[in-house]
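Below you'll find the structure, written out as structure tokens, and then a few comments.
The values are calculated or read from the model by the stated rules, or taken from the named source; none is laboratory data. On a predicted model such as this, the values are computed, not experimentally measured, just so you know. Don't worry about glycine lacking a Cβ; one is built from the backbone with ideal geometry, like all the others, and counts go over all protein chains shown.
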Amino acid sequence: MTVSGPQLAAPADLTDLFHQGLSTDPEAVALFALDGAVTWQELDAACTRLALRYLSLGLEPGDRVASIMPNRAVLVIHYLACMRAGLVAMPLNYRYTASDIDYALRLATPAALLVHAERAKDVAAVPAIAELPVSMMAYAGEVNGALDFDDLLNGAGEGTLPDVDAEAPAFIFFTSGTTGKPKGVTHSHASMGYMVASNAQGLGLGSEDVVLPASWISHTAGLRLTFAGLWVGARTNIARRFTPDELLGLLRQTRPTVAQILPAPLAALVTGHGAVREDFGSLKSMMAGGDKPSQTLVDAFSALAGVPIGAFYGMTEMGTSHSNIQGGPDKVGSVGLNNPGYISVLRDEAGAEVPVGVDGRHWIKSPTMMTEYWKNPEATAAAFQEGWFDTGDLMRRDEDGYFWFRGRRKQIIVHDGSNISPAEVEDALTAHPAVAAAVAVGIRDEMHGEDVWAFVSLAEDSKLVRAGEIIDFARERIGYKAPDVVRIMATLPLTIGGKLDRMALKRLAADESGAAHVQ
């Protein structure tokens, strides 16, 4: 059966995101960072001024404007200036290498590029910069041949802003590319506006809230929460860095009610640096963004803060479709219920709907859905079927409508004819008190089809543990699904998007598998 979330309210208007804040108290703080604050009135004026300056440079509605920027208040202003000018914002991961940048620029051919000065030398060496007509704008320092972004931001804007079609492209985000070259996920003003509205409605955000999105606002998860806070008139924080000092400063000074923090900095915050329960006393909702937190981290944070880490599930293509903020002890591990505006169905490989308690392929329908993969009609067509989006993930639903992530369909390990979910293996491994994080992969085996390999990192201050002990621990919980081989690493590699790099570990296991043995 199909499962629907609550009815979704009207979408947020990305060209008029500050209406609530302006009407309530235009001189109140809208954006806060440890190095300064911006009021609603100042934010609104800056966005309009910059939008007009962009148009005066010769940029036209529909032009793409790329950015390689860390988290800063001016990046939010840049995005919303693009929205008002009808330009398409194209955020690039701040940690992109030269080849990543070159690929993105060639695919989407932006007319302009905003870059932080500390990355300017790297960007200047990108071949596409010399070959494409890209105007450079530099922030936080002088760069030869580039316009000074501060001059643009602070200069007088003249002219009239265009009317912007709700179906016009607003953002192009690049996926992390763990299974191939990144795709340009294109969202319209409408789809992005619905994502923002669903986030705000699902979290119950109001103007009295204080929001802390301590994740990259060049990625959709951090950006959606930032925009959702602004949309409802809530004070929204900008975490410039994800260090314990920065995060503790924001927690103590601003007393956020809703926070989203990447697992790695959250773990660093929990394991020292003087954090105490009172630092988290204002929180009503806490989420770990970017990747699934280990059970060790979930337990450690709950013990320290007295607040559970909520789970959520989403994709760049569609936003956050499910969340489990206060699901109760029997729902630990679930990604939760459908968020407002999302409809889900689970199907088998033949397309038939599966019953409660059975794994199925997860399909989604929502007004938040992307419009296309930029310049990739084949991939766009393959992702949709009669208006339903194929997430490529396996889910299971319980009788209460809660969904449980079972793994990526393409990552399912087939061992002796049985399907094994990497997520189930990883959950069993991270239940061990010494294991901080785990990744399970399938490695080709002539006898069994695929063997289960796992890579784990250990929690700080954990007792010395051998791989064989971890395998035995997992086998007691999941039987034949337990890994055949466990490798203990100091740290697990991450993708450029900050997620555990499953493909890198799969390659490592494949290289080693000819002489594998338990250590």
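Within the range 189-204, is there a residue that is within 16 Å of A30 (Cβ to Cβ) and not β-branched (V, I, T)? Quick ask: steps written out before the conclusion?
Step one: list which residues in the range 189-204 are within 16 Å of A30 (Cβ to Cβ), which gives 196, 200.
Still in the list and also not β-branched (V, I, T): 200.
Yes.
Please state which one of I471, I478 is in contact with a helix residue (DSSP H, G or I) (Cβ under 6 Å, 6 or more places away or on another chain) and in a helix (DSSP H, G or I). Working first, answer last.
Working: I471 fails: in contact with a helix residue (DSSP H, G or I) (Cβ under 6 Å, 6 or more places away or on another chain).
Sole residue among the options that is in contact with a helix residue (DSSP H, G or I) (Cβ under 6 Å, 6 or more places away or on another chain) and in a helix (DSSP H, G or I): I478.
Going residue by residue through the range 162-178, is there one that turns out to be modelled with pLDDT under 90, of a type in the set (V, I, T) and under 24 Å from R53 (Cα atoms)? Step through it out loud before you land on a result.
At the first step, the residues of the range 162-178 found to be modelled with pLDDT under 90 are 175-178.
Now drop any that are not of a type in the set (V, I, T), which leaves 175, 178.
Then drop every residue that is not under 24 Å from R53 (Cα atoms), which leaves none.
Checking the range 162-178: not a single residue is modelled with pLDDT under 90, of a type in the set (V, I, T) and under 24 Å from R53 (Cα atoms).
Tell me which residues, restricted to the range 364-387, are within 17 Å of M195 (Cα to Cα) and not charged (D, E, K, R). Don't jump to the end; show me each part of the working.
Narrowing the range 364-387 to residues within 17 Å of M195 (Cα to Cα): 364-372.
Passing the criteria: I364, S366, P367, T368, M369, M370, T371.
Restrict the check to the range 224-234 and report whether at least one residue is modelled with pLDDT of 95 or more, small (G, A, S), crowded, with 20+ Cβ neighbours inside 10 Å and part of a loop (DSSP other than H, G, I, E, B). Before the answer, list the steps.
At the first step, the residues of the range 224-234 found to be modelled with pLDDT of 95 or more are 224-234.
Applying the additional criterion that residues be small (G, A, S) yields 228-229, 233-234.
Within this subset, residues satisfying the condition of being crowded, with 20+ Cβ neighbours inside 10 Å are 228-229, 233-234.
Filter once more, keeping what is part of a loop (DSSP other than H, G, I, E, B): 233-234.
Yes, the range 224-234 has at least one match.
Hey, among the residues in the range 366-395 that are part of a strand (DSSP E or B) and either hydroxyl-bearing (S, T, Y) or touching a Gly at 6+ places or on another chain (Cβ under 6 Å) (or both), which one's modelled with the lowest pLDDT?
L394
Restricting attention to the range 235-247, which residues are outside any strand (DSSP E or B), among the β-branched types (V, I, T) and either in contact (Cβ under 8 Å) with a residue 40 or more places away in the chain or surrounded by 24 or more Cβ atoms within 10 Å (Cβ to Cβ) (or both)? Reasoning before the result, please.
As a first pass, look at the range 235-247 and keep what is outside any strand (DSSP E or B): 238-247.
Going one step further and asking which of them are among the β-branched types (V, I, T), we end up with 238, 243.
Matches in the range 235-247: I238 only.
Return the residues of the range 94-127 that are closer than 23 Å to H189 by Cβ and in a loop (DSSP other than H, G, I, E, B); say none if nothing qualifies. Before the answer, list the steps.
Initially, the range 94-127 is screened for residues closer than 23 Å to H189 by Cβ, giving 104, 107-114.
Passing the criteria: T109, P110, A111.
Yes/no matrix, rows are residues, columns are (1) buried (at least 21 other Cβ atoms within 10 Å of the Cβ); (2) over 30 Å from A437 (Cβ atoms); (3) not charged (D, E, K, R):
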| residue | (1), (2), (3) |
| --- | --- |
| M286 | yes, no, yes |
| A303 | no, no, yes |
| T316 | no, no, yes |
| T320 | yes, no, yes |
| N339 | yes, no, yes |
| E349 | no, yes, no |
| H362 | yes, no, yes |
| E386 | no, yes, no |
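All but one of (1) out of contact with any Lys or Arg (no Cβ under 7 Å at 6 or more places or on another chain); (2) not in a helix (DSSP H, G or I) hold for A130, so report the exception by its number.
A130 satisfies all of (1) out of contact with any Lys or Arg (no Cβ under 7 Å at 6 or more places or on another chain); (2) not in a helix (DSSP H, G or I) except (2).
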